[in-house]
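Contents: one structure, followed by commentary.
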Amino acid sequence: MPLYRLLFCLLFCSIQAGGQQLGGAQTFSFLQLPTSAHLTALGGTATAWQSNDIAFGIQNPALLRPSMHTHLQVNYADYFAGVKYTNLATAFYFDHIATTFATSLQYIHYGQMAYTDETGQVNGQFAPVDFAWQVSAGRQYLSRWYYGASLKFIQSKYQEFTSNGFAVDVGLSYIDTANGLQVSVVAKNMGTQLKKAGSSSEPMPFDLQAGISKRLAHVPLQVSASFRKLYKFDSAVKSTQGEESLQTGTFDRVMQHIVLASGLTIAKYVAVDVAYNHQQRVELATMQQKGLSGFSLGVGILLQKMQLYYGRAMYQRNQAYNHIGINIPMHRWMSFGKFGRSGS
């Protein structure tokens, strides 16, 4: 498919999907959670981040690269109220078709909950879970363009209620390695429910995102800006007290679409990240004490045979969640030449 047709299809499908969900609740909202510690450190969204970290290829299939060949990654987060979620991902590059394939499993466990009847009588316990399996593919076009797509099967099971569905992500990326610049766009979670948990269908958590990142020439620093929910201007968020946000100016509404992030590499072995997500600050900060709400940070240990990441996102004062991850380039431990081309 010519690149201009792919771009037109991406924009058309994004407008259609975005229009279908305006004003309504969303199903499978867990798909919006950051799937890796590195993403958590970068504010939860990093649409154009330059890295061979497979987590970014899972988030935006246009960021899949041959250098992710044989990478195996596991991420775990101890969320609030006993909620725990895990993401497992791996990727392989197939040289004869010049395509990088990746797959990931996302599993969220909400712990044990009491099952009661209409009178409040406890009749036992149940363990609600969310699950998503994703398959992605990314290819290069000419020297500077990359494109990719992901297909997801999603399931939520809450006691006797089960819902499942599928969704598609489509992404496009332009990279200028000489100038350390990358620009990307991705339409996420375009799909539908196959089985409803209730009597009516709910829209998917669609998002249209774009991003730009820049590596500085003489400093090991990368900065990026990611733009979320581009299909509508007013996000109409509320504070944690259930009140409409008092910050309703044009600047504030624009900032609610933007996630700012930066990452510094120290001596090639340590990465330090910091980010600011304005929408999280508006939605989660209390009116009396905002503190560091909306800020996130992280650190990575970058070894040849293993990379370790830790991310921490501040939601409210004294309320934050921690995310840890490990990435193993398996070709550093054993030979995988017959599957494709080894990466770094």
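The values are calculated or read from the model by the stated rules, or taken from the named source; none is laboratory data. Only a predicted model underlies this, so the values are computations on that prediction, with no experimental measurement involved. Every residue, glycine among them, receives a Cβ derived from its backbone with ideal geometry; neighbour counts consider all protein chains shown.
Confirm whether Tyr147 is modelled with pLDDT under 95 and within 28 Å of Pro203 (Cα to Cα).
No, not satisfied.
Of the numbered conditions (1) modelled with pLDDT of 85 or more; (2) crowded, with 18+ Cβ neighbours inside 10 Å; (3) of a type outside the set (Phe, Trp, Tyr), Leu284 fails exactly one; give the number of that condition.
(1)
I need every pair where a residue in the stretch 83-100 that is in contact (Cβ under 8 Å) with a residue 40 or more places away in the chain has its Cβ under 6 Å from the Cβ of a residue that is of a type in the set (Lys, Arg) and part of a strand (DSSP E or B), sequence separation at least 6 or different chains.
If the second residue must be of a type in the set (Lys, Arg) and part of a strand (DSSP E or B), the pairs left are Thr99/Arg139.
Give me the residue from the stretch 58-114 that is part of a helix (DSSP H, G or I) and in contact with a Lys or Arg (Cβ under 7 Å, 6 or more places away or on another chain) and, out of that set, farthest from Asp130 (Cα to Cα).
Asp95
May I ask you to say which residue of Ala102, Ala55, Ala77, Ala89 is surrounded by 16 or more Cβ atoms within 10 Å (Cβ to Cβ), modelled with pLDDT of 95 or more and in contact with a His (Cβ under 6 Å, 6 or more places away or on another chain)? Break it down into steps so the answer makes sense when it comes.
Values: Ala102 fails: in contact with a His (Cβ under 6 Å, 6 or more places away or on another chain); Ala77 fails: modelled with pLDDT of 95 or more; Ala89 fails: in contact with a His (Cβ under 6 Å, 6 or more places away or on another chain).
Being surrounded by 16 or more Cβ atoms within 10 Å (Cβ to Cβ), modelled with pLDDT of 95 or more and in contact with a His (Cβ under 6 Å, 6 or more places away or on another chain) holds for just one of Ala102, Ala55, Ala77, Ala89, which is Ala55.
Please state which of the following conditions Gln50 fails to meet, knowing it meets all the rest: (1) within 11 Å of the chain's Cα centre (by Cα); (2) surrounded by fewer than 24 Cβ atoms within 10 Å (Cβ to Cβ); (3) part of a loop (DSSP other than H, G, I, E, B).
Going through (1) within 11 Å of the chain's Cα centre (by Cα); (2) surrounded by fewer than 24 Cβ atoms within 10 Å (Cβ to Cβ); (3) part of a loop (DSSP other than H, G, I, E, B) one by one, Gln50 breaks only (1).
Being of a type outside the set (A, V, I, L, M, F, W, C), surrounded by fewer than 20 Cβ atoms within 10 Å (Cβ to Cβ) and either in contact with a strand residue (DSSP E or B) (Cβ under 6 Å, 6 or more places away or on another chain) or under 12 Å from Leu31 (Cβ atoms) (or both) is the filter here; which residues of the stretch 175-190 pass it?
Restricting attention to the stretch 175-190, the residues satisfying the condition of being of a type outside the set (A, V, I, L, M, F, W, C) are 176-177, 179-180, 182, 184, 188-189.
Now restrict to residues that are surrounded by fewer than 20 Cβ atoms within 10 Å (Cβ to Cβ): 176-177, 179-180.
Hit for the stretch 175-190 is Gly180, nothing else.
Which of the residues spanning the stretch 153-174 are surrounded by 23 or more Cβ atoms within 10 Å (Cβ to Cβ) and over 16 Å from Gln209 (Cβ atoms)?
Ile154
Among Tyr115, Tyr85, Tyr141, Tyr110, which is under 19 Å from Leu63 (Cα atoms) and hydroxyl-bearing (Ser, Thr, Tyr)?
Tyr141
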